[in-house]
Amino acid sequence: MKAEFKGSYPSNDLLPAGDFPEFAFIGRSNVGKSSLINMLCEHRDLAKTSSKPGKTQHIARFLIDGKWYLIDLPGYGYAKVSKSSREIFGQMIQAYLLEREIMFCVFVLIDSRLEPQKIDLEFMEWLGLSGIPFCIVFTKVDKLKPRDLEPNIEAYKTKLYENWEELPPIFISSAEDKRGRDEILSFIEKVRKDNQ
Ligand code: GTP
Ligand code: MG
């Protein structure tokens, strides 16, 4: 798989016109968006990662095999950045998701170790109301004891069923041991084919 960094942009208005399908990664700061992009691309530091939340502050585009893009978005809900920069990120993410017609699907990343968080549930609610197609990826599953994985995900689904009649596609991932890579890439392939 060939992955090329094609630039990062401080606002949605500055993004070049879309030429190929885009698949975006979103979620709370530090959930592992940039790490997942690197794992999918089998590239150690294509997308910049950090143990400090708030690393990704721009919309970054990575062209894959010259045919489609992975999009790294800034994290939402990081309390330690100023309120004004949180609002700027929020507006940037919202503008991208609402206006980018070439965006085929957004992957909402959720830390597999945590109880359902209000901010993620509200964000998915907003995606649903806005008619934006999305999937869920439970990240960092290598940090869970194997016996906790299934029950954690089942508990999360139960919570989602309080609000949703049908759930979106759900994946698990680990940037450490590459779990989820084949499933996520096959899904992207299928969505691209279905939209041709
Ligand atoms: P922002 O850009 O700040 O919003 O964060 P991000 O969501 O892009 O997170 P990033 O990929 O930078 O990862 C944050 C931290 O979590 C880093 O220290 C990563 O090494 C770690 N991390 C990410 N994914 C995994 C994973 O699957 N397993 C483990 N063990 N650590 C991970
Ligand atoms: Mg990042």
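Values quoted throughout were computed directly from the atomic coordinates according to the rules given, and no laboratory measurement underlies them. What you are looking at is a predicted structure, and each value in this text was computed from that prediction instead of being measured. FYI the Cβ positions are ideal-geometry reconstructions off the backbone, even for glycines, and counts take in every protein chain you see.
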Ranked Ser130, Ser8, Ser174, criterion: other C-beta atoms within 10 Å, fewest first: Ser130, Ser8, Ser174
Sorted by Cβ neighbour density within 10 Å, fewest at the top, the residues Asp120, Asp111: Asp111, Asp120
DSSP loop GluC sites (Glu not before Pro) with at most 13 other Cβ within 10 Å excluded, longest remaining stretch of the chain: 102-161
Per residue Cα convex hull volume in Å³ - calculated over the chain: 117
Convex hull projection area averaged over all views, region 128-196, Cα basis, nm²: 5.7
